[in-house]
Amino acid sequence: MSGNSDKMIQEAYSVVSECLSIIAHDPDAMTSFIKSQKEIRKKIVDKPPEKDKRSRAEKFARTLGVPTTLTNDIRNPENVKNKGRVSGKRLRSQREVAFTKASKGSKNCGYCRKKVSPNEKHDRRTCPQRIEDEKKKSMEQDSHGMFDSEND
Ligand SMILES: [Zn+2]
């Protein structure tokens, strides 16, 4: 059915474009063509094909054996979660979110395990204790290296 209506749309277009190609350079013909097109449009716009709609509803009613209504009383469910997740973000449970919120600001450092206050906030990467230890370690390694080269 839609294929047929597509064909008809194409036909309508071709009729209009054929007319336009003929009268394109004739302003008077164009004016009267536009006028008649507008009259056709006015007829269509003022009187929408309501009859067809109703007959379709009646057809459905007959087929289904129940009266159909054109109003939609069924509301969409609220708070629908789409499948999949936002890229790069793991879906957290409400419990996890609450836990994260509660622990924010008073997080223990992953390295020295000291409780870090918000104003002197640091973590494993910025831990002064770790930086100190790294320094010591690299100094030890340097001294070993010096010993090695002296022994050679
Ligand atoms: Zn630390």
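Treat the count of other C-beta atoms within 10 Å as a stand-in for reagent exposure and order 142, 133 from fewest to most.
142, 133
For each of 93, 36, count neighbouring Cβ atoms within 10 Å of the residue's Cβ, then give the residues from fewest to most.
Ordered from fewest to most neighbouring Cβ atoms within 10 Å, 93, 36 come out as 93, 36.
Using the Karplus equation 6.51 cos²θ - 1.76 cosθ + 1.60 (θ = phi - 60°), what ³J(HN,Hα) coupling, rounded to whole Hz, does each residue of segment 129-136 give in order, writing x for Gly and Pro?
After applying 6.51 cos²θ - 1.76 cosθ + 1.60, I find 4, 5, 4, 4, 4, 4, 4, 4 Hz.
Just so you know, all these numbers are worked out from the coordinates, no wet-lab data involved. Keep in mind that what you see is a predicted model, and the values were worked out from it rather than measured. Glycine also receives a Cβ, built like all others from the backbone with ideal geometry; neighbour counts cover every protein chain displayed.
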